[in-house]
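Engineer: Once you've had a glance at the structure underneath, I'll fire off some questions.
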Amino acid sequence: MKPAKFDYLNPDNIDQVLDCLAEYNDDARIMAGGLSFMAMINFRLIQPKVVIDISRLTELAFIRVKGGFVEIGAATTQADLKAWPDIDQKLPLVALALRHVGHFQTRSRGTVCGSICHAEPSSELPLSLATLGGEVILRSKKGERVLKASEFQIGMLANARHPDEMVYAVRFPVAKKGQGFAFNEIAERHGDFAIVAVAAVAEGNDVHIGVGGIADRPTVRKFGALTNEKLSEALNAFAWELRGDTDIHATAQYRRQLVRHLGQKTITEALANV
Ligand SMILES: Cc1cc2nc3c(=O)[nH]c(=O)nc-3n(C[C@H](O)[C@H](O)[C@H](O)COP(=O)(O)OP(=O)(O)OC[C@H]3O[C@@H](n4cnc5c(N)ncnc54)[C@H](O)[C@@H]3O)c2cc1C
């Protein structure tokens, strides 16, 4: 299929983006890398009157460390972040997750913020942002809002952005000394969206784990120091709570089993990496 007719805006600066969003609201739509956007517009799942292409806005292409966070601008590609020299030291969980995000070709156009805006429940970057307790910075002509990852992603392919707002950047907390990280997923082929993905951050005896691919958004849970038996019980209860469905990729039963198995493995690895 072909998209419905639209006007194309190739802005020179953020002000033009915000002016356009203020004028057109839901009738305007931002395109970043275009990887998910092009599929949606071609299938006419979205029919914006104006497409705002932010991929060439250099003022949005940044990775900077600020106030204990790594801030990543809306035009920064996943490949740019993967190649950032400080990623292993400052964002080790994201470094692990990025290996599972699509392929070299998709990462070289797909943006970090675009993936988080798209809010696909199996996506690795929204899962990492939620597990690390990261934030999303939104801008409109009225000013700036900052939402926690858990406030931003509100359902399958749904986020809390207002129609006149753009995501300006996302920010991940910088890894601290004494933290350990791990990330595992099962997908049909490497580079596919995860059937189930698990991210973990360990600190002392506590571990936060985030699970993607089951509920309609990443779900994060804190586990304290538990014996192996208690941990298995806790993971089993968590797996049932997530209420996975059966679809063409996997049964609900298989998804629950992955939460138990990958949960145990990822927690063990995160604790070993402290
Ligand atoms: C073959 C293939 C394999 C893939 N595999 C994976 C995978 O394994 N894991 C994974 O997570 N993803 C995967 N993807 C998706 C890919 O990672 C995309 O990067 C991602 O879905 C969207 O990023 P994008 O920059 O292309 O955003 P776009 O497609 O341009 O936009 C996506 C959505 O976000 C909105 N948006 C984008 N930027 C902003 C902004 N700054 N402010 C407000 N709204 C915005 C758009 O309007 C649109 O609704 C795959 C894609 C392909 C084609």
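Engineer: Taking the residues in region 118-147 that are more than 12 Å from the chain's Cα centre (by Cα) and either in the same structural domain as Asn13 (by TED's automatic domain parsing) or more than 12 Å from the ligand (Cβ to nearest atom) (or both) as candidates, determine which candidate is farthest from Leu18 (Cα to Cα).
Structural biologist: Among them, the one singled out is Leu147.
Engineer: Another question, then. Over 22 Å from Ala239 (Cβ atoms), open to solvent by 10 Å² or more (accessible area, probe 1.4 Å) and not basic (Lys, Arg): is that true of Gly134 in this structure?
Structural biologist: no
Engineer: I would also like to ask the following. Give the number of residues within region 177-194 that are within 15 Å of the chain's Cα centre (by Cα) and of a type in the set (A, V, I, L, M, F, W, C).
Structural biologist: Total meeting the criteria: 3.
Engineer: Same structure again: Could you tell me which residue of region 176-197 is modelled with the lowest pLDDT, considering only residues that are closer than 18 Å to Tyr254 by Cα and crowded, with 24+ Cβ neighbours inside 10 Å?
Structural biologist: The residue in question is Ala194.
Engineer: Out of the residues in region 198-251 that are touching an Asp or Glu at 6+ places or on another chain (Cβ under 7 Å) and outside any strand (DSSP E or B), which is modelled with the lowest pLDDT?
Structural biologist: Gly224
Engineer: While we're on this one: Of all residues in region 68-82, which are within 10 Å of the ligand (Cβ to nearest atom) and not in a loop (DSSP other than H, G, I, E, B)?
Structural biologist: Those that are within 10 Å of the ligand (Cβ to nearest atom) and not in a loop (DSSP other than H, G, I, E, B): Gly73, Thr77, Gln78.
Residues checked against (1) assigned to a helix (DSSP H, G or I); (2) surrounded by fewer than 18 Cβ atoms within 10 Å (Cβ to Cβ); (3) within 13 Å of the ligand (Cβ to nearest atom); (4) assigned by TED's automatic domain parsing to the domain that holds Ile116:
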{"site": "Met1", "(1), (2), (3), (4)": "no, yes, no, no"}
{"site": "Gln16", "(1), (2), (3), (4)": "yes, yes, no, no"}
{"site": "Cys20", "(1), (2), (3), (4)": "yes, no, yes, no"}
{"site": "Ile30", "(1), (2), (3), (4)": "no, no, yes, no"}
{"site": "Ile41", "(1), (2), (3), (4)": "yes, no, yes, no"}
{"site": "Arg44", "(1), (2), (3), (4)": "no, yes, no, no"}
{"site": "Pro48", "(1), (2), (3), (4)": "no, no, yes, no"}
{"site": "Arg64", "(1), (2), (3), (4)": "no, yes, no, yes"}
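Engineer: Now, a different point. List the pairs whose first member sits in region 101-118 and is assigned to a strand (DSSP E or B), whose second member is within 6 Å of the ligand (Cβ to nearest atom) and among the charged types (D, E, K, R), and whose Cβ atoms are under 7 Å apart, counting only residues at least 6 apart or on separate chains?
Structural biologist: Between residues of region 101-118 that are assigned to a strand (DSSP E or B) and residues that are within 6 Å of the ligand (Cβ to nearest atom) and among the charged types (D, E, K, R), there is no close pair.
For every residue, the table says whether it meets (1) away from the ligand (no atom under 16 Å from the Cβ); (2) not β-branched (Val, Ile, Thr).
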{"residue": "Lys176", "(1), (2)": "yes, yes"}
{"residue": "Asp192", "(1), (2)": "no, yes"}
{"residue": "Gly204", "(1), (2)": "yes, yes"}
{"residue": "Ile209", "(1), (2)": "yes, no"}
{"residue": "Asp216", "(1), (2)": "no, yes"}
{"residue": "Lys222", "(1), (2)": "yes, yes"}
{"residue": "Leu226", "(1), (2)": "yes, yes"}
{"residue": "Ile248", "(1), (2)": "yes, no"}
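The values are calculated or read from the model by the stated rules, or taken from the named source; none is laboratory data. Values in this document were obtained by computation on a predicted structure and should not be read as measured data. Using ideal geometry, Cβ is built from the backbone for each residue, glycine included, and neighbour counts are taken over all protein chains shown. Surface accessibility is based on the protein's heavy atoms, side chains included, excluding ligands, DNA and RNA. Shrake-Rupley method; radii C 1.70, N 1.55, O 1.52, S 1.80 Å.
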